[in-house]
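The values are calculated or read from the model by the stated rules, or taken from the named source; none is laboratory data. No experiment lies behind these values; they were computed from the predicted model shown. When we count neighbours, we look across all protein chains shown, and the Cβ atoms used for this are built from the backbone with ideal geometry, even at glycine. Heavy atoms of the whole protein, side chains included, go into the accessibility calculation; ligands, DNA and RNA do not. Shrake-Rupley method; radii C 1.70, N 1.55, O 1.52, S 1.80 Å.
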Amino acid sequence: MWASFMWRAALSPGRRAHSALAQLRCILDSELEGIRGAGTWKSERVITSRQGPCILVDGISGGILNFCANNYLGLSSHPEVIQAGLQALEEFGAGLSSTRFICGTQSIHKNLEAKIARFHQREDAILYPSCFDANAGLFEALLTPEDAVLSDELNHASIIDGIRLCKAHKYRYRHLDMADLEAKLKEAQKHRLRLVATDGAFSMDGDIAPLQDICRLAAQYGALVFVDECHATGFLGPTGRGTDELLGVMDQVTIINSTLGKALGGASGGYTTGPEPLVSLLRQRSRPYLFSNSLPPAVVGCASKALDLLMESNAIVQSMAAKTRRFRSKMEAAGFTVSGADHPICPVMLGDARLSSQMADDMLKKGKWLTSRTFRWTAQGA
């Protein structure tokens with residue numbers, strides 16, 4: 001034992017560091033092998049063109065029909081959106097090199113926040129680098145140990161992580177199960193505030209939260225309603241306002257978080273919109289907002305133009321809805337089971353992970369790109 005101790009003590013700092021690195025590599029290799037063995041390894045194919053319904057992919061000849069992106073309205077490469085980004089880049093520069101509250105707020109940031117609030121018919125809005133950041137920054141700033149948050153069990157990972165950061169009492173109700181939500185609301189009556197948190201549209205299955213029932217229960221039990229609209233903003237509802245518009249409860253949902261990185265140009269960025277005092281509090285206390293650089297002007301310009309296009313006419317929204325209905329009906333007529341509720345996310349249920357992976361590979365050979373693990377098709381604007 002003494003000899004072993006002397007040997008280890010004699011190791012140089014460099015050799016001890018090398019030993020620690022070797023141990024880390026061993027641990028990481030084991031973790032990575034476990035991911036491969038579970039069939040959940042995520043590969044990244046490289047696109048060599050603009051995002052769109054038809055793309056070029058490295059190593060594959062010819063154009064590929066793209067069923068994977070969340071470019072729901074086809075605005076990622078819309079000429080007016082691109083031009084607006086170029087104009088903002090030329091006028092306001094590449095970036096701010098600052099957080100918002102130090103010296104990172106430009107007129108275009110304030111204009112976009114006001115436009116988002118008008119679009120959603122809310123009092124105010126605040127921008128974040130992503131909706132993941134918006135979800136990470138909301139619950140911790142708003143809720144205290146006196147409060148409670150009630151979350152659908154299949155909410156997006158960003159909602160789950162955001163809730164973990166807060167000190168409120170946490171309740172999880174079964175997916176879309178209103179009886180279970182009511183039971184949890186009854187249990188949560190002892191808390192100061194109660195916040196029901198749900199995705200508006202669930203991105204894996206394409207199903208839509210029963211917001212009418214959620215809002216009814218929230219009113220009955222004195223709760224607030226939060227909805228993540230990342231997979232709804234821009235294309236659900238008659239004018240693309242989202243699931244709250246689709247289901248007629250825009251005046252009953254308290255807080256909306258959503259993204260600029262899907263239907264609204266597809267670049268980056270997220271936001272919270274709701275009561276003005278809440279937005280003011282987030283500007284003071286929301287850590288992802290306070291400690292992240294401002295959104296780049298080009299991103300702001302693109303998103304602002306995307307909103308302009310939506311507010312000028314609902315034709316692009318109606319076109320997306322028509323494409324979704326056509327795709328779903330044709331797939332079902334061909335004998336496939338398509339999950340979800342009239343959402344552009346169209347999960348084709350094959351019932352076997354390996355079959356899904358094999359079929360996705362075969363479809364790629366035929367010039368159609370699908371996600372293999374979930375075999376999810378996404379209808380996109382042309």
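Going through (1) modelled with pLDDT of 95 or more; (2) surrounded by fewer than 24 Cβ atoms within 10 Å (Cβ to Cβ) one by one, residue 233 falls short only on (2).
Based on what the data block shows, is residue 264 buried (at least 24 other Cβ atoms within 10 Å of the Cβ), under 23 Å from residue 137 (Cα atoms) and aliphatic (A, V, I, L, M)?
Working: buried (at least 24 other Cβ atoms within 10 Å of the Cβ): yes; under 23 Å from residue 137 (Cα atoms): yes; aliphatic (A, V, I, L, M): yes.
Answer is yes for this residue.
For residues that are of a type in the set (S, T, N, Q) and closer than 30 Å to residue 368 by Cα, scanning just the range 61-105, find the one that is nearest to the chain's Cα centre (by Cα).
We begin by selecting, within the range 61-105, every residue of a type in the set (S, T, N, Q); these are 61, 66, 70-71, 76-77, 83, 87, 97-99, 105.
Now narrow it down to the ones that are closer than 30 Å to residue 368 by Cα: 61, 66, 70-71, 76-77, 83.
Details: 61: 31, 66: 19, 70: 10, 71: 12, 76: 16, 77: 20, 83: 25 Å.
Result: 70.
For residues that are free of Cβ contacts under 8 Å to residues at least 12 places away in the same chain and among the basic types (Lys, Arg), scanning just the range 303-330, find the one that is most open to solvent (accessible area, probe 1.4 Å). This residue is 326. Scanning the range 103-114 for residues that are out of contact with any Lys or Arg (no Cβ under 8 Å at 6 or more places or on another chain), part of a helix (DSSP H, G or I) and surrounded by 16 or more Cβ atoms within 10 Å (Cβ to Cβ) yields 108, 112, 113.
Report yes if residue 247 is within 25 Å of residue 166 (Cα to Cα), at pLDDT 95 or above, touching a helix residue (DSSP H, G or I) at 6+ places or on another chain (Cβ under 8 Å) and surrounded by fewer than 24 Cβ atoms within 10 Å (Cβ to Cβ), otherwise no.
Working: within 25 Å of residue 166 (Cα to Cα): no; at pLDDT 95 or above: yes; touching a helix residue (DSSP H, G or I) at 6+ places or on another chain (Cβ under 8 Å): yes; surrounded by fewer than 24 Cβ atoms within 10 Å (Cβ to Cβ): yes.
Against the criterion (within 25 Å of residue 166 (Cα to Cα), at pLDDT 95 or above, touching a helix residue (DSSP H, G or I) at 6+ places or on another chain (Cβ under 8 Å) and surrounded by fewer than 24 Cβ atoms within 10 Å (Cβ to Cβ)), residue 247 does not qualify.
Scanning the range 69-102 for residues that are closer than 19 Å to residue 259 by Cα, open to solvent by 30 Å² or more (accessible area, probe 1.4 Å) and hydrophobic (A, V, I, L, M, F, W, C) turns up just one, 82.
Could you tell me which numbered condition residue 4 fails, if it satisfies all but one of (1) at pLDDT below 90; (2) open to solvent by 90 Å² or more (accessible area, probe 1.4 Å)? All conditions pass for residue 4, except number (2).
Of the residues screened, residue 138 is one that is hydrophobic (A, V, I, L, M, F, W, C) and open to solvent by less than 60 Å² (accessible area, probe 1.4 Å).
The sole residue among 268, 280 that is more than 19 Å from the chain's Cα centre (by Cα) and of a type in the set (Gly, Ala, Ser) is 280.
Is it fair to say residue 225 is open to solvent by less than 10 Å² (accessible area, probe 1.4 Å), in contact with a helix residue (DSSP H, G or I) (Cβ under 7 Å, 6 or more places away or on another chain), closer than 15 Å to residue 159 by Cβ and among the β-branched types (Val, Ile, Thr)? So residue 225 fits the description; yes. If you take the residues of the range 144-155 that are free of Cβ contacts under 8 Å to residues at least 60 places away in the same chain and part of a loop (DSSP other than H, G, I, E, B), which of them is nearest to the chain's Cα centre (by Cα)? So the residue we want is 154.
The single condition among (1) farther than 29 Å from residue 267 by Cβ; (2) among the hydrophobic types (A, V, I, L, M, F, W, C); (3) touching a residue at least 24 places away in the same chain (Cβ under 8 Å); (4) part of a helix (DSSP H, G or I) that residue 299 does not meet is (1). Going by what's in this entry, would residue 206 be described as buried (at least 24 other Cβ atoms within 10 Å of the Cβ) and either in a loop (DSSP other than H, G, I, E, B) or on the phi > 0 side of the Ramachandran plot (or both)? When the stated conditions are applied, residue 206 does not pass them. Within the set 125, 141, 134, the sole residue that is touching a residue at least 12 places away in the same chain (Cβ under 8 Å), assigned to a strand (DSSP E or B) and not hydroxyl-bearing (Ser, Thr, Tyr) turns out to be 125. Against the definition (surrounded by fewer than 20 Cβ atoms within 10 Å (Cβ to Cβ) and either closer than 17 Å to residue 292 by Cα or modelled with pLDDT of 95 or more (or both)), how does residue 184 come out, yes or no? The answer is no for residue 184.
Of the residues that sit in the range 210-235 and are under 14 Å from residue 198 (Cβ atoms) and touching a residue at least 40 places away in the same chain (Cβ under 8 Å), which one is nearest to the chain's Cα centre (by Cα)? Per the stated criteria, the residue is 230. When the criteria are applied in full, residue 236 fails the requirement of being more than 23 Å from residue 95 (Cα to Cα) and outside any loop (DSSP other than H, G, I, E, B).
Any chance you could count how many residues in the range 156-208 are free of Cβ contacts under 8 Å to residues at least 40 places away in the same chain and under 16 Å from residue 134 (Cα atoms)? Give the derivation first.
Here is the first cut: in the range 156-208, the ones free of Cβ contacts under 8 Å to residues at least 40 places away in the same chain are 157, 160-187, 189-190.
In the following step, the residues that additionally are under 16 Å from residue 134 (Cα atoms) were identified as 157, 160-166.
The total comes to 8.
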